[in-house]
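Just below is one structure, and these are the notes that go with it.
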Amino acid sequence: MKTLLTDFRSEFRDRILDLLWRQWSTFGVAGHGAQWHGSPIDPEALLLLTCSIGRYDARLFDGMVEWMGVNGQLINVQRLKRIIATEQYAGEQVLRAVAATVSDSVSASKWATTVISKDDACQPVPLFFLKDGTPMPIVRQPDKLFEGYGLQRDPYEARGVAQVFRAELVSNLILRLRAFLGVNARCEIIAYLLLNEHGSPSSLARNAYYLPLTISKAMTEMRGSGFLVSRVNGRRRDHRLTPGIWRELFLGEERPHSLVWPRLFRAIETLWEFLGDSNLTDKEPLAQASALRRVLNKSVVDRVETSGLDFAFGNLATHPGEALIAFAVERIATLLTIMESPNDR
Amino acid sequence: MKKSLNRTTLDLAMRSLAIRLDENDADGVQIVVCGGSALILTGMVPRTTKDVAIVALMRSGALISPAPLPPSLCQAAQEVAEDLALDPNWLNNGPSSGEGGLFQMVLKRMLKELGYEDVADRL
């Protein structure tokens, strides 16, 4: 049955696709006018969300694949694996096909141990969908490589839309640090301390998706440089960058907000899995509301509210039964508005 | 404070219970209720009640003990409590929860006099 919730689907999808486009555009994918101006972009989180919601915009998806061919050496595969394992992203099968597409003789070993392995043979499913949720028709011989991963699409062709990322943009901080220091935990440590001023190894490991031991070891070594200082605060050892040039060097005049994008994007992906389910319309409003409450309570509210975004869902219990639908639609729309420009808050 | 249940709320709760059993792909269940909720649901009195008391379960036409309640029913009832802001114990087997309960002492003999109503496929 049509409700506010089912009517909200297309707005939700379009706003998320617009956000993804703006982040990819900032990373160097041409084809969308607006750039991202907000919390520094998390490459792994962006990749993972595009592997699911990006299936509703083939041009965006292929822009991502092409970008991976140009800048893929800056993706942290170990971190990608850890994010997938921690947050249970849905697009792992798609990611494997993307990794296989961009893997060449140089990068093969980087991807080989992680995401390239194929699932057991299964019935191929469409990779792309139209806005109404129906599969995008395939007009040519399906792409053999994607088909090997159980995904059907027209042959992938690079269109020359991806460039090397622009290092001077603060939104590209993570890529810039990786280009400078290499793809390792030190980039996330520096980015975290730049954006949050200070942090303990445990909070940093949790929010940057590394093993605590990895972060602790790296921080101990980094303290030896004199650029990182620590102070014991109760049972925690609090770290910060030494005052001086760091902020000016990497952030200039900007003071971007720190967000845990993998957590936030997984909440968004979960909402889309729910809203995009074609069976949703078959349910009566009471059943839609009941299912929505399960999704929000189990997988969305906590993730969003611990992502660093200045947003709280409010008390779902005060909106019983079908009343939840109108309340949740309003709150999710507000969430999207805040996500779209987190630095304005 | 959790709300009391009138006819409208009870109908909503029972529909919600059927929805949750369906969504959870649970086995169907037949429940025999007594007390205020039974009187309200059958339209005999227009009062309110604080809970739905299950006195027995029915399987293949035979009454069986409701102690313990099936886990799938407990889970669905808990979810309905969340959905509708009801008391977590809104659906219970209080009258027949122990050896001296209504089912165990009396109800088996009364089977032929009871009527029942289908709420949905699984309830």
Could you list, in sequence order, the residues of the range A:292-345 that are outside any helix (DSSP H, G or I), more than 14 Å from every other protein chain (Cβ to nearest Cβ) and in contact (Cβ under 8 Å) with a residue 24 or more places away in the chain?
A:Thr306, A:Ser307, A:Gly308, A:Leu309, A:Asp310, A:Phe311, A:Ser341, A:Arg345
Residues to consider are B:Ala26, B:Ala13, B:Ala38, B:Ala56; find the one that is in a strand (DSSP E or B), among the small types (Gly, Ala, Ser) and out of contact with any Gly (no Cβ under 8 Å at 6 or more places or on another chain).
B:Ala56
Consider B:Leu5 against the criteria (1) within 11 Å of chain A (Cβ to nearest Cβ); (2) buried (at least 19 other Cβ atoms within 10 Å of the Cβ): it satisfies all of them except one. Which criterion is unmet?
(1)
Give just the number: which of (1) touching a helix residue (DSSP H, G or I) at 6+ places or on another chain (Cβ under 6 Å); (2) under 22 Å from A:Ser290 (Cα atoms); (3) buried (at least 19 other Cβ atoms within 10 Å of the Cβ) does B:Thr49 not satisfy?
(2)
Looking only at the range A:277-289, count every residue that is in contact with a helix residue (DSSP H, G or I) (Cβ under 7 Å, 6 or more places away or on another chain) and either free of Cβ contacts under 8 Å to residues at least 12 places away in the same chain or β-branched (Val, Ile, Thr) (or both) and tell me the total.
2
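This table checks each residue for (1) among the acidic types (Asp, Glu); (2) surrounded by 14 or more Cβ atoms within 10 Å (Cβ to Cβ); (3) modelled with pLDDT under 90.
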residue: B:Ala18; (1), (2), (3): no, yes, no
residue: B:Asp25; (1), (2), (3): yes, no, no
residue: B:Ile40; (1), (2), (3): no, yes, no
residue: B:Gly43; (1), (2), (3): no, no, yes
residue: B:Leu102; (1), (2), (3): no, yes, yes
residue: B:Lys108; (1), (2), (3): no, no, yes
Among the candidates A:Leu249, A:Leu264, A:Leu259, single out the residue that is among the aliphatic types (A, V, I, L, M), over 25 Å from B:Ala13 (Cβ atoms), away from every other protein chain (no Cβ under 12 Å) and assigned to a loop (DSSP other than H, G, I, E, B).
A:Leu259
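The values are calculated or read from the model by the stated rules, or taken from the named source; none is laboratory data. In this text, all values refer to a predicted model and were calculated from it rather than measured experimentally. Cβ: placed from backbone, ideal geometry, glycine included. Neighbour counts: every protein chain shown.
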